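Undergrad: Submitted below is the structure of interest, expressed as structure tokens.
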Amino acid sequence: MAEFVAKGVKEENCEVTVKTVENVLPDELVQYDGLIFGSPTYYGQMAAPVKKLLDDSVILHGKLEGKVSGAFTSSANIGGGNRVSCAFVFYFEVFQIVFFENFSRRQNRFSGFIEIF
């Protein structure tokens, strides 16, 4: 799935690096303009290694402002919890990327909205 996502990003004339979560250190996240996280879904949760990477990225608090981000996931069936799994990545994005861009830099004035579907 990651390769298909990367192909779509490349079609927009962007440079793409695809890595497995085991080959990413939290400090590396700051070097990219955008971050797209993918994970299998386990009972409505992202995989433990992805969760660990996001948890470990707390050291970057405020350093990921303004980055474009997204998530994708898969499960065995339609009711497998994909939306919930992506929502957990969304929480990370809100606190690390969107929250500081929209709130702290703009003196608590909300500058847009985000829709989860």
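The rows are residues; the columns are (1) surrounded by fewer than 14 Cβ atoms within 10 Å (Cβ to Cβ); (2) under 16 Å from Met1 (Cα atoms); (3) touching an Asp or Glu at 6+ places or on another chain (Cβ under 8 Å); (4) not aliphatic (A, V, I, L, M).
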site: Pro26; (1), (2), (3), (4): no, no, yes, yes
site: Asp55; (1), (2), (3), (4): yes, no, no, yes
site: Ala87; (1), (2), (3), (4): no, no, no, no
site: Phe92; (1), (2), (3), (4): no, no, no, yes
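Undergrad: Taking segment 7-35 on its own, how many of its residues are of a type outside the set (A, V, I, L, M, F, W, C) and outside any loop (DSSP other than H, G, I, E, B)?
TA: 10
Undergrad: Looking at Phe103, Phe90, which is the one that is assigned to a helix (DSSP H, G or I), at pLDDT 70 or above and among the hydrophobic types (A, V, I, L, M, F, W, C)?
TA: One residue alone meets the criteria, Phe90.
Undergrad: Quick one: what pairs do we get from segment 1-12, first residue more than 17 Å from Pro40 (Cβ to Cβ) and surrounded by 10 or more Cβ atoms within 10 Å (Cβ to Cβ), second among the β-branched types (Val, Ile, Thr) and at pLDDT below 90, C-beta under 8 Å, 6+ apart or different chains?
TA: Within 8 Å, the pairs are Val9/Ile36.
Undergrad: Does any residue of segment 47-58 turn out to be in contact with a helix residue (DSSP H, G or I) (Cβ under 6 Å, 6 or more places away or on another chain) and within 18 Å of Val9 (Cβ to Cβ)?
TA: No, because not a single residue in segment 47-58 is in contact with a helix residue (DSSP H, G or I) (Cβ under 6 Å, 6 or more places away or on another chain) and within 18 Å of Val9 (Cβ to Cβ).
Undergrad: Just for segment 13-33: of the residues that are among the acidic types (Asp, Glu) and over 23 Å from Ala47 (Cα atoms), which one is modelled with the lowest pLDDT?
TA: Asp33
Undergrad: Have a look at Gly38, Gly62 and point out the one that is part of a loop (DSSP other than H, G, I, E, B) and touching a helix residue (DSSP H, G or I) at 6+ places or on another chain (Cβ under 8 Å).
TA: Answer to the check: Gly62.
The values are calculated or read from the model by the stated rules, or taken from the named source; none is laboratory data. The structure presented is a predicted model; accordingly, all values stated were derived computationally and were not measured. Every residue, glycine as well, gets a Cβ built from its backbone with ideal geometry; the counts of neighbours run over all protein chains shown.
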